[in-house]
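Asker: I'd like to ask you about the structure that follows.
The values are calculated or read from the model by the stated rules, or taken from the named source; none is laboratory data. All figures in this text were calculated on a predicted structure; none of them were measured in a lab. All Cβ positions, glycine included, derive from the backbone under ideal geometry; neighbour counts span all protein chains shown. Note: areas computed on protein heavy atoms with side chains; ligands, DNA, RNA excluded. Shrake-Rupley method; radii C 1.70, N 1.55, O 1.52, S 1.80 Å.
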Amino acid sequence: MKKFTADYVLTACGSPIKNGSVIVDDNGKILKVENPENPPFTPEETFYRDLPAEKLSGALTPGFVNTHCHLELSHLKGKVPAGQGLIEFIGNVQKLRKADKGEVKEAAAKADEEMERNGIVAVGDISNTAVTASVKMKSRLYYHNFIEVYGFDPKNADAVFSNALLVKEQFKPLASSITPHAAYSVSKELFKLIRKEAETTNAVLTIHNQETDEENKLYRYKQGSFLDFYDRLGIDISFFKPQARNSIQSIIPLLTNQQNVLMVHNTYTNMKDVYFTRRFDRKINWCFCPEANLYIENTLPKVSIFTNHGFNITLGTDSLASNTELCILKEMRVMQKHFPNLLLEDMVDWASNNGAKFLGIDDEKGTLEKGKTPGLNLITDLDRLKITPESKVRKLA
């Protein structure tokens, strides 16, 4: 049993507790969250109050949930040039991703350990193959595997989906979903197969959304760099008709209205897009991966259009092909720098409770509440309740 006292306790389910304490057992289960303004009333509470505490400078938070990662691309760290735009990034990843399975697994295992050191307790991980399955089964982190499918040609939908079912089998008993890659890489026919599977298996979905404005140009006008991209890949898109609206507005009707769907990146999502999603009965969640946005497109989403609307917002790291580190606090530092009005307690919610809710593990993770085993982090070097460039994370439990 350990007791930690810090300048603040951010439970992700209530207001910040100044000079609060968190008591955990040897397995990391929360026994008590103490507020010094609420005196103990029972002998048990008095016992907890009298426990010797490790006094810490900073804020205690739940363990972080990384809702968007690509563990199987960890061997590409430092190999993909930055700042060339999404289409060139995809091309480089396709050229470089093939490697010896041993190399891929070794890099994935190191990335898994890195995430644990950085206070991450759960991951929504994009998987195109089952090469990382053995790493995840040994991991102390919770993984939900998003088996990602590509197939813009409608004739290939059945074959692509059948292969995804085989990959999903290889991840058992870990949690898995078959999920679309992006609007520009999945046909309507493949979307229908994914939707049917999700509704049958009660699975959550995720999709890369508007990471480049070229995606919107394709859907609005059938123009832009994606035409050359398809041509280089030998993909005939004569069947595709422009929709006269942005990509997200075109695919929302194809998504399930029964399960949670995570829209990832949203770099070129506008207010009209956001309001459009609200017109449909869809359980839309939004994920930001700011470091990857800067690495690939050197721009960030319009975060202000998503805040203060009650949306379930989460954070992700993307891959080491598009990031130098798998660290949710680093993503929070970027958000604080570029959007200084953001509150730390809100970002902690995004980084923990909201991600746990999306993945369906909020009965155990996400908040500092008695009986849960959410992990316990300390964020240091704060300026009151603001993240600074010097802020770091220390995993406590």
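Asker: Can you tell me which condition Ser74 does not meet? The list is (1) surrounded by 12 or more Cβ atoms within 10 Å (Cβ to Cβ); (2) over 28 Å from the mean Cα position of the chain (by Cα); (3) more than 20 Å from Lys372 (Cα to Cα); (4) among the hydroxyl-bearing types (Ser, Thr, Tyr), and all the others hold.
Answerer: Result: Ser74 fails condition (2) only.
Asker: Right, something else. Among the residues of region 45-56, are any polar (S, T, N, Q) and at pLDDT below 95?
Answerer: Restricting attention to region 45-56, the residues satisfying the condition of being polar (S, T, N, Q) are 46.
Then drop every residue that is not at pLDDT below 95, which leaves 46.
Yes, some residue in region 45-56 is polar (S, T, N, Q) and at pLDDT below 95.
Asker: Consider Thr256 carefully, then state whether it is open to solvent by 20 Å² or more (accessible area, probe 1.4 Å), of a type in the set (Val, Ile, Thr) and within 23 Å of the chain's Cα centre (by Cα).
Answerer: no
Asker: Return yes or no: is Glu106 within 21 Å of the chain's Cα centre (by Cα) and open to solvent by 10 Å² or more (accessible area, probe 1.4 Å)? Step through it out loud before you land on a result.
Answerer: Numbers: within 21 Å of the chain's Cα centre (by Cα): no; open to solvent by 10 Å² or more (accessible area, probe 1.4 Å): yes.
Answer is no for this residue.
Asker: Can you pull out the residues in region 355-371 that are more than 16 Å from Tyr143 (Cα to Cα) and open to solvent by 20 Å² or more (accessible area, probe 1.4 Å)?
Answerer: Glu369, Lys370, Gly371
Asker: Still on this structure, I have one more. Is it the case, given these coordinates, that Ser21 is hydroxyl-bearing (Ser, Thr, Tyr) and either surrounded by 15 or more Cβ atoms within 10 Å (Cβ to Cβ) or closer than 16 Å to Pro374 by Cα (or both)?
Answerer: In short, yes.
Asker: Can you tell me which of (1) open to solvent by less than 10 Å² (accessible area, probe 1.4 Å); (2) free of Cβ contacts under 8 Å to residues at least 40 places away in the same chain; (3) farther than 27 Å from Lys241 by Cα is the one Glu169 doesn't meet?
Answerer: Single failed check for Glu169: (1).
Asker: Now for a separate question. Which one of these is in contact with a strand residue (DSSP E or B) (Cβ under 6 Å, 6 or more places away or on another chain) and hydrophobic (A, V, I, L, M, F, W, C): Ala244, Ala292?
Answerer: It is Ala292.
Asker: Show the residue pairs that are 6+ apart or on different chains and have beta-carbon atoms under 6 Å apart, the first residue being within region 15-30 and touching a residue at least 24 places away in the same chain (Cβ under 8 Å) and under 13 Å from Leu396 (Cβ atoms), the second being among the small types (Gly, Ala, Ser) and in a loop (DSSP other than H, G, I, E, B).
Answerer: Close Cβ pairs (under 6 Å, with a partner that is among the small types (Gly, Ala, Ser) and in a loop (DSSP other than H, G, I, E, B)) amount to Ser21/Ala53; Val24/Ala397; Gly28/Ala397.
Asker: Right, next: Name, by its number, the condition in (1) open to solvent by 60 Å² or more (accessible area, probe 1.4 Å); (2) at pLDDT below 95 that does not hold for Ala99.
Answerer: Exception for Ala99: condition (1).
Asker: I would also like to ask the following. Here are the criteria: (1) closer than 23 Å to Ala107 by Cβ; (2) in contact with a strand residue (DSSP E or B) (Cβ under 6 Å, 6 or more places away or on another chain). Tell me which single one Ala157 does not satisfy.
Answerer: Of (1) closer than 23 Å to Ala107 by Cβ; (2) in contact with a strand residue (DSSP E or B) (Cβ under 6 Å, 6 or more places away or on another chain), only one is false for Ala157: (1).
Asker: Can Ala6 be described as in contact with a Pro (Cβ under 6 Å, 6 or more places away or on another chain) and buried (at least 16 other Cβ atoms within 10 Å of the Cβ)?
Answerer: On the way: in contact with a Pro (Cβ under 6 Å, 6 or more places away or on another chain): no; buried (at least 16 other Cβ atoms within 10 Å of the Cβ): yes.
No; evaluated as a whole, the condition is false for this residue.
Asker: Could you check region 201-216 and list, in sequence order, the residues that are out of contact with any strand residue (DSSP E or B) (no Cβ under 6 Å at 6 or more places or on another chain) and of a type in the set (Ser, Thr, Tyr)? Give the steps one after another, and end with the answer.
Answerer: We begin by selecting, within region 201-216, every residue out of contact with any strand residue (DSSP E or B) (no Cβ under 6 Å at 6 or more places or on another chain); these are 201-202, 210, 212-216.
Of everything in region 201-216, those that are out of contact with any strand residue (DSSP E or B) (no Cβ under 6 Å at 6 or more places or on another chain) and of a type in the set (Ser, Thr, Tyr) turn out to be Thr201, Thr212.
Asker: Could you check, for region 51-70, whether at least one of its residues is open to solvent by 20 Å² or more (accessible area, probe 1.4 Å) and aromatic (Phe, Trp, Tyr)?
Answerer: No, because not a single residue in region 51-70 is open to solvent by 20 Å² or more (accessible area, probe 1.4 Å) and aromatic (Phe, Trp, Tyr).
Asker: Here is a check on your reading of the model: is Ala175 small (Gly, Ala, Ser), touching a residue at least 12 places away in the same chain (Cβ under 8 Å) and either open to solvent by less than 10 Å² (accessible area, probe 1.4 Å) or over 28 Å from Ala130 (Cβ atoms) (or both)?
Answerer: On the way: small (Gly, Ala, Ser): yes; touching a residue at least 12 places away in the same chain (Cβ under 8 Å): yes; either open to solvent by less than 10 Å² (accessible area, probe 1.4 Å) or over 28 Å from Ala130 (Cβ atoms) (or both): no.
So Ala175 fails the test.
Asker: On to the next question. Please indicate, with yes or no, whether at least one residue in region 235-258 is touching a residue at least 12 places away in the same chain (Cβ under 8 Å), more than 30 Å from Lys110 (Cα to Cα) and touching a His at 6+ places or on another chain (Cβ under 9 Å).
Answerer: no
Asker: While we're on this one: Find all pairs meeting these conditions: Cβ atoms under 6 angstrom apart; at least six residues apart or on different chains; first residue within region 310-339 and over 20 Å from Lys392 (Cα atoms) and without any contact (Cβ under 8 Å) to a residue 40 or more places away in the chain; second residue open to solvent by less than 10 Å² (accessible area, probe 1.4 Å) and part of a strand (DSSP E or B).
Answerer: Phe311/Trp286
Asker: On to the next question. Would you please name the residue that is surrounded by the fewest Cβ atoms within 10 Å (Cβ to Cβ), looking only at residues in region 120-146 that are touching a helix residue (DSSP H, G or I) at 6+ places or on another chain (Cβ under 7 Å) and closer than 18 Å to Asp362 by Cβ?
Answerer: Residue satisfying both the conditions and the ranking: Leu141.
Asker: Related question: In the set Asn298, Asn308, Asn341, Asn323, which member is assigned to a loop (DSSP other than H, G, I, E, B) and open to solvent by less than 10 Å² (accessible area, probe 1.4 Å)?
Answerer: Asn323
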